[in-house]
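Below you'll find the structure, written out as structure tokens, and then a few comments.
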Amino acid sequence: SGLNTLAKSIGKLYFGTATDNNELSDTAYRAILNNNAMFGQITPANSMKWDATEPSQGVFTFTNGDTIANLAKTNGQLLRGHNCVWYNQLPSWVSGGKFTTAQLTSIIQNHCGTLVGHFKGQTYAWDVVNEPFNDDGSWRADVFYNTLNTQYVTIAFNAARAADPAAKLYINDYNIEQAGAKATAMQNLIRSLKSAGTPIDGVGLQCHFIVGQVPSTLKSNIQTFASLGVEVALTELDIRMTLPSSTTSLNQQKTDYQTVVSACASVSGCIGITLWDFTDKYSWVPNTFSGQGAACPWDSNLVQKPAYSGIAAAL
Ligand code: XIL
């Protein structure tokens, strides 16, 4: 049976994948994507980001986001919205703007409110704030932090809650999967948001890993996050390697996928896992990390790799 069926059989809410609009014309790809026994949840890899949804101030375009949302509905899949506030893929009218605190507050409120409101009733969860921290645990000095200090987080979460009270609101980041300064910063932020009454429901651990380097503290760290009273989701899982792949690296990748999925499987507060696309054919990795790739459980011919059985064995 498929990965979503297996995940649900051990009490998880879903096993899912990211997808993107340009991939949907690939009928062989779609046949796998649309099978809700395999994927019970999808995330748009790009089409709900700020540059895609509000390219100029006050001008919203939801065509591509709607396509993904409608696909989830047709397929009987949960939808994770991604994302409201992020320093990247941010149009220059925002990133290069010189705004007063009042102006940027209303820009965030309007963006998050309109975006989350447009998809009201269609999303299980939203990544409201994406990647707020540097790797040393300091705040990323983007336009949001530089203008509003840490308050931008509260502004965004409040706007999202008002726009869709039923959606689970997440904060999402990478390199918080292992114990360390960045995870500690995120845990401290979640504690302080909760004690201030900010409506945060979950934390997303992206999980863009490297073969042979899955952090040994992953499971205990998932537990630490869950103990704060938030849901934990693995939101963007892939495990890349130096190309070309070999039997050895593909077998290590199988072990690594099994380790990661087992860590989520064994913590009840870890509610679901999302691949950052399921096939090497469409992975973001080769375009971002030079010389690396083969990060997904299906190869570029849409054939299951050893990694697939590693995941299945953990569920
Ligand atoms: C990536 C997409 O997959 C690419 O297509 C795009 O060119 C860049 O962004 N962390 C995130 C995701 O939160 O939004 C990123 O997605 C991958 C890293």
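The values are calculated or read from the model by the stated rules, or taken from the named source; none is laboratory data. Keep in mind that what you see is a predicted model, and the values were worked out from it rather than measured. Virtual Cβ from ideal backbone geometry, glycine too; neighbours counted across all protein chains shown. The area values use the complete protein model at the heavy-atom level, side chains included, leaving out ligands, DNA and RNA. Shrake-Rupley method; radii C 1.70, N 1.55, O 1.52, S 1.80 Å.
Using a Gaussian network model of the chain whose springs link C-alpha atoms within less than 10 Å, name the residue from Gln41, Gln213, Gln77 with the highest mean-square fluctuation.
Between Gln41, Gln213, Gln77, it is Gln213 that shows the largest mean-square fluctuation.
For helix 63-75, report the angle its Cα long axis makes with the longest principal axis of the Cα atoms of the chain; keep it between 0 and 90° and round to the nearest 10°.
Relative to the chain, helix 63-75 is tipped by roughly 50 degrees.
Within 14 Å, Cβ to Cβ, of Glu236, how many net charges do the neighbouring residues add up to if Lys/Arg are +1 and Asp/Glu are -1?
Around Glu236, the charge tally is -4.
In deg cm²/dmol and to the nearest 500, what is the mean residue ellipticity at 222 nm of the chain if only DSSP H runs of at least 4 residues count, each as -39500 (n - 2.57), divided by the residue total?
It lands at -12000 deg cm²/dmol.
Please identify, among Ala226, Ala263, Ala28, the residue showing maximal mean-square fluctuation in a Gaussian network model of the chain using a 10 angstrom Cα cutoff.
Ala28
Could you compute the FRET efficiency for Ala181 and Lys120, with r as their C-beta to C-beta distance and R0 at 51 Å, rounded to 0.05?
So the FRET efficiency works out to roughly 0.90.
Considering the dipole of the chain built from charges on the beta carbon (Lys and Arg +1, Asp and Glu -1) around the Cα centre, which of Ile10, Ile239, Asn301 is farthest to its positive end?
Going by the charge dipole, the pick is Ile10.
Place a +1 charge on the Cβ of each Lys and Arg in the chain and a -1 charge on the Cβ of each Asp and Glu, then give the dipole magnitude about the Cα centre in debye, rounded to the nearest 20.
The calculated dipole for the chain is roughly 560 debye.
How far is helix 101-118 tilted off the main Cα axis of the chain, in degrees rounded to 10, range 0 to 90?
50 degrees
When ligands, DNA and RNA are left out and all protein chains stay put, how many square angstrom of accessible area per residue does segment 165-315 have with a 1.4 Å probe?
36 Å²
Give the cross-link partners of Lys182 among the aspartates and glutamates, using a straight C-alpha distance below 14 Å as the criterion and excluding same-chain residues fewer than 8 apart.
Glu131, Asp135, Asp136, Asp173
Expressed as a whole percentage, what fraction of the accessible surface of the chain belongs to carbon and sulfur atoms when a 1.4 Å probe is rolled over the protein heavy atoms?
For the chain, the apolar C and S fraction of the accessible surface comes to 49 percent.
So what are the ³J(HN,Hα) numbers for segment 279-289, from phi and the Karplus equation (6.51, -1.76, 1.60; θ = phi - 60°), rounded to whole Hz, Gly and Pro as x?
10, 4, 4, 10, 5, 6, 4, x, 6, 10, 10
Tally Lys/Arg at +1 and Asp/Glu at -1 over every other residue whose Cβ is under 14 Å from the Cβ of Asn88; what's the total?
It works out to a net charge of -4.
What pairs from Lys120/Lys219; Lys120/Lys194; Lys8/Lys168; Lys8/Lys73; Lys73/Lys194; Lys120/Lys281 go past 30 Å between their alpha carbons?
Where the Cα-Cα span goes over 30 Å, the pairs concerned are Lys120/Lys219; Lys73/Lys194; Lys120/Lys281.
What number comes out for the charge environment of Val267, summing +1 per Lys or Arg and -1 per Asp or Glu over other residues with Cβ under 14 Å away?
Taking every other residue near Val267 into account, the sum is 0.
Working out 0.36 nm times the residue gap between Ala141 and Ser300, then minus their Cα-Cα distance, what length gain in nm do you get to one decimal?
Between Ala141 and Ser300, full extension yields 53.5 nm more.
When the chain is fully extended, how far beyond the present Cα-Cα distance does Leu243 get from Ile210, taking 0.36 nm per residue of separation?
Roughly 10.7 nm would be gained on extension.
What is the spin-label model distance, in nm, from Thr101 to Asn287 if the labels are put 7 Å beyond Cα along the C-beta direction?
Result for the modelled spin labels: 3.8 nm.
What is the calculated FRET efficiency for Ser227 to Ile10, with r their C-beta to C-beta distance and R₀ = 25 Å, to the nearest 0.05?
Taking R0 as 25 Å, the efficiency between Ser227 and Ile10 is 0.75.
Whole Å is fine, so just give me how far the alpha carbon centre of segment 230-305 lies from that of segment 151-226.
Here the two parts' Cα centres lie 20 Å apart.
Pull the list of the chain cysteines that no other Cys approaches to under 4.7 Å, Cβ to Cβ.
Within the chain, the cysteines lacking a partner Cβ under 4.7 Å are Cys207, Cys296.
Whole-Hz ³J(HN,Hα) for each residue in segment 15-25, computed from phi via Karplus 6.51 cos²θ - 1.76 cosθ + 1.60 with θ = phi - 60°, x for glycine and proline: what do you get?
Taking θ as phi minus 60°, the curve returns 10, x, 8, 6, 8, 9, 4, 5, 8, 6, 7 Hz for segment 15-25.
What is the gain in length, in nm to one decimal, between Asn34 and Asn22 on full extension, counting 0.36 nm per residue of separation less the C-alpha to C-alpha distance?
Additional length available on full extension: 2.8 nm.
Using θ = phi - 60° and the Karplus form 6.51 cos²θ - 1.76 cosθ + 1.60, what ³J(HN,Hα) does each residue of segment 181-190 get, whole Hz, x for Gly and Pro?
Per-residue couplings from phi come out as 4, 6, 5, 4, 4, 5, 5, 5, 4, 4 Hz.
What residues from segment 102-121 fall in the zone where the backbone N is under 18 Å from a label point 7 Å along the Cα-to-C-beta line of Ser192?
none
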